[in-house]
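Below is one structure, written out as structure tokens; the observations come after it.
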Amino acid sequence: MLIIKWSLLYDAVCVALANLPLFIFFLVTGKLLYNKFVKVSVLLLFTLINTFLILLNTVDIFYYPFHLQRADADLLYVLRNPFVNGTWNVLLTTLAVFIFCCCMAWFVYKGILKMIQSGTPVNHFLPTNILLIVFIGLFYFSGSKKIVPTYPLTALEPVQLPVAQNSLHTFIYSLYRKNETALPAANYMSSVQQQSLFSIHKKNNAGASSKKNIVLFIMESVPFEFFDSSSRYKVTMPFLDSLVNKSTYFTNAFSFSYNSNKGITAILAGIPTITDIPLYHSNYTSISRTSVGQVLAKNNYSSSFFIGDNYDDFGFAQCCKWLGIQHYYCMEDIPGNQQMEKHSMGLQDEYVLNFMQQKLGTLQQPFFAVQYNISTHYPFDIPKLYIDKNPKPSTTEPMRSMQYYNDCLRHFFADAAKQDWFNNSVFIFCADHWAQPDSKNIKVDEVGSFRIPVFIYDPGREKKVRISTPVSQLDIVNTVLHFSNFQDSMISYGINLTDTLLQPHRIVYNKINNTIYQAINDEYVLGFDAVEGKALYCYAYQKDPEKKNNLIGQSALPAIENIIVHIKAFLQTASNHYRNRGK
């Protein structure tokens with residue numbers, strides 16, 4: 001009931017704020033309001049404003065399950081693709097939303113028109129508007145920039161806040177600060193203590209014995225459950241299962257966030273995104289970093305990125321350019337793509353992998369290649385030919401799309417094994433973020449919603465290895481550079497996954513939203529409010545899988561205090577790194 005109460009209040013305040021200029025206009029215009037041109041202009045303007053308010057909140061019905069927070073400036077960077085490659089389902093949904101908004105626009109229009117025609121005595125508005133003008137004057141002329149928080153000082157917990165917020169407010173506020181960090185300046189400890197607890201200046205302990213060809217598969221929206229034999233959502237995928245059984249598999253691997261455009265930065269740059277918008281589109285592109293493509297080029301590597309969508313969808317071409325990756329191949333580069341069957345996001349994986357196979361055969365060794373698949377992305381529309389050959393089993397749509405991707409990889413590896421570059425290669429698999437394994441049974445969990453599959457396959461050293469130490473997407477770039485025999489210093493928030501000194505109680509970090517960050521080790525998950533600078537919850541998730549017993553506020557445990565200190569060091573490091581551009 002508390003969430004409903006604040007949600008209704010939040011919506012009422014946002015509606016009032018959006019329409020305050022209209023009421024001020026009523027106050028100051030007098031008879032001018034009855035001018036036909038003025039009346040029509042006012043009607044259209046405020047109909048559009050209110051319709052936009054309704055539209056954003058309607059869009060969040062679909063967007064929230066993927067983003068797990070209300071609309072922000074990041075929405076501007078993900079809207080293009082569904083409209084360019086949308087299936088009938090996507091287009092029909094868009095049409096339904098459009099019709100709904102048109103109906104609401106007509107309702108709003110009639111309401112404002114009635115208000116204008118009925119008229120209201122000026123003295124009804126006068127006291128309120130005088131007070132409003134005074135407060136606005138004090139706000140804007142007090143001499144300092146104001147950042148109005150997107151949450152009220154309420155009894156709501158920060159984890160509950162996105163449910164109660166209004167999308168118009170969060171979106172406009174995010175636009176206002178889109179080139180600023182969402183993480184406030186943090187000074188939890190001295191810089192000496194911070195550096196001792198968390199440093200971004202890394203150096204791999206030892207490089208690989210020889211320079212390996214490195215192939216990285218970034219798996220779109222693939223959750224840990226697809227690989228977990230104890231899960232009801234374990235996917236039947238004979239090829240990938242066989243590959244995992246001769247690979248180093250990390251059973252406690254975690255993503256940094258819920259989003260692809262933050263996942264790619266974590267994986268390829270080793271840097272967490274703490275801005276509302278993608279880091280490579282922000283004002284922080286000059287941040288001190290290790291550009292993986294440039295570093296590898298100095299070590300005589302070529303670098304290529306393969307994806308089946310349109311050029312620069314989600315800004316991935318910009319990201320690759322930012323990181324010095326030499327070649328970016330998308331749908332437009334694949335011959336005959338117009339005749340190929342498409343997913344909502346672009347070309348199906350089989351065509352991209354075939355094209356990638358051909359390109360790799362022409363490259364001089366050593367090389368670094370990335371394939372970012374799309375067939376496992378919502379709405380999971382896989383090729384008709386595959387469906388016809390494989391009658392639909394009793395699995396979810398995401399699971400079925402993973403079975404298709406497994407089949408694509410099986411064909412890729414069958415051909416790759418015949419190539420002279422294969423045995424001197426290493427293949428790294430990492431999901432870009434967790435996703436719901438069953439879109440009809442939505443469940444969000446502090447730990448499970450960040451767990452992803454990560455494994456390394458080396459054809460020259462086929463061996464089943466299981467590592468339970470917590471690892472992160474932020475570790476991937478260190479691992480890539482390890483296999484290239486790179487031994488100089490680098491900037492990264494991760495470590496090399498082949499490092500034998502992986503600590504069993506290591507802590508990794510996640511971003512739930514622009515306020516809440518998490519720290520996870522092999523026993524505990526701790527949520528931390530970066531705005532208030534305090535721990536919100538801590539669960540012993542191994543012993544308390546339902547997370548019913550919040551250990552914060554109970555008797556202090558050294559293990560929990562240690563996690564709090566470490567997440568403060570992580571946040572202070574990230575805040576300083578962004579603000580100082582790494583200097």
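Under 5 Å from the amide H of residue 222 lie the amide H atoms of 432, 433, each residue being 5 or more positions distant or on a separate chain, with H modelled from the backbone and absent for Pro and chain starts.
Figure legend: label point modelled 7 angstrom from the Cα of residue 464 along Cα→Cβ; residues of region 223-259 with amide N under 13 Å from it are 229, 241-249. Take the Cα of residue 540, step 7 Å toward its Cβ, do the same at residue 438, and the gap between the two points is 3.0 nm. Ranking of 216, 481 by neighbouring Cβ atoms within 10 Å, starting from the fewest: 216, 481.
In order along region 411-418, the phi-based Karplus estimate (6.51 cos²θ - 1.76 cosθ + 1.60, θ = phi - 60°) of 3J(HN,Hα) comes to 5, 4, 5, 4, 6, 5, 4, 8 Hz; Gly and Pro are listed as x.
Each of 570, 524, 551 was placed along the dipole of region 520-579 (beta-carbon charges, centred on the mean Cα), and the one lying farthest toward the positive end is 570.
Extending 7 Å from Cα along the Cβ direction at residue 562 and again at residue 365 yields two label points whose distance is 4.4 nm.
Neighbour counting of Cβ atoms within 10 Å sorts the residues 197, 526, fewest neighbours leading, into 197, 526.
If R₀ is 22 angstrom, what is the calculated FRET efficiency for the pair residue 354 and residue 410, using the beta carbon separation as r and rounding to 0.05?
Working: r = 13 Å, r/R0 = 0.58.
Step by step, r from the Cβ atoms, then E = 0.95.
Between residue 547 and residue 532, residue separation times 0.36 nm minus the direct Cα-Cα distance comes to 3.1 nm.
Looking at the square roots a ≥ b ≥ c of the eigenvalues of the Cα gyration tensor of region 369-451, which shape do they give, rounded for a/c under 1.5, prolate if a/b is larger than b/c, or oblate? Since a/c reaches 1.5 but b/c is at least a/b, the shape of region 369-451 is classed as oblate. Segment residue 230..residue 385, full-extension length gain: 52.7 nm, with 0.36 nm per residue of separation and the alpha-carbon distance subtracted. Across region 222-231, computed HN-Hα scalar couplings (Karplus, 6.51 cos²θ - 1.76 cosθ + 1.60, θ = phi - 60°) run 9, x, 4, 4, 5, 10, 8, 5, 8, 8 Hz from first to last residue, x flagging Gly and Pro.
Sorted by packing (mean other beta-carbon atoms within 10 Å per residue), highest first, where do 325-336, 551-562 land? Numbers along the way, then the final one.
Values: 325-336: 17.2, 551-562: 12.5.
Per-residue Cβ counts within 10 Å, averaged per peptide and sorted highest first, yield 325-336, 551-562.
Under a 5 Å amide H cut-off, with hydrogens placed 1.01 Å from N, residue 270 pairs with 477 among residues at least 5 apart or on other chains. By the count of neighbouring beta-carbon atoms within 10 Å, fewest first, 289, 579 end up ordered 579, 289. Checked against a 22 Å cut-off, the cross-linked pairs 246/443; 202/464; 389/440; 342/392; 443/568; 234/418 give Cα-Cα distances beyond that limit for 246/443; 202/464; 389/440; 443/568; 234/418. Net charge of the neighbourhood of residue 544, taken over other residues with C-beta under 15 Å away and scored Lys/Arg +1, Asp/Glu -1, is -2. Candidate cross-link partners of residue 359 among the aspartates and glutamates, defined by an alpha-carbon separation under 19 Å and a same-chain spacing of 8 or more, comprise 309, 332, 333, 349, 350, 415, 420. Take the Cα of residue 311, step 7 Å toward its Cβ, do the same at residue 187, and the gap between the two points is 4.8 nm. Placing R0 at 25 angstrom, the Cβ-Cβ distance between residue 45 and residue 99 gives a FRET efficiency of 0.65 after rounding to 0.05.
Using the Stokes-Einstein relation with a Kirkwood hydrodynamic radius computed over Cα pairs, the translational diffusion coefficient of region 442-572 at 4 °C and a viscosity of 1.567 mPa s comes to 79 µm²/s.
Between residue 196 and residue 13, the contour length at 0.36 nm per residue exceeds the Cα-Cα span by 61.3 nm. What are the ³J(HN,Hα) values, in whole Hz, obtained from phi via the Karplus relation 6.51 cos²θ - 1.76 cosθ + 1.60 with θ = phi - 60°, for each residue of region 510-523 in sequence order, with x given for Gly and Pro? Calculated HN-Hα couplings, in order: 10, 10, 7, 7, 6, 10, 9, 10, 10, 10, 10, 10, 7, 10 Hz. In this structure, the amide hydrogen of residue 303, modeled 1.01 Å from its nitrogen in the peptide plane, lies closer than 5 angstrom to those of 326, 327, 368, counting only residues at least 5 positions away or on a different chain.
FYI, it's all coordinate maths here, none of it is from the lab. None of the values given here were measured: they were computed from a predicted structure. When we count neighbours, we look across all protein chains shown, and the Cβ atoms used for this are built from the backbone with ideal geometry, even at glycine.
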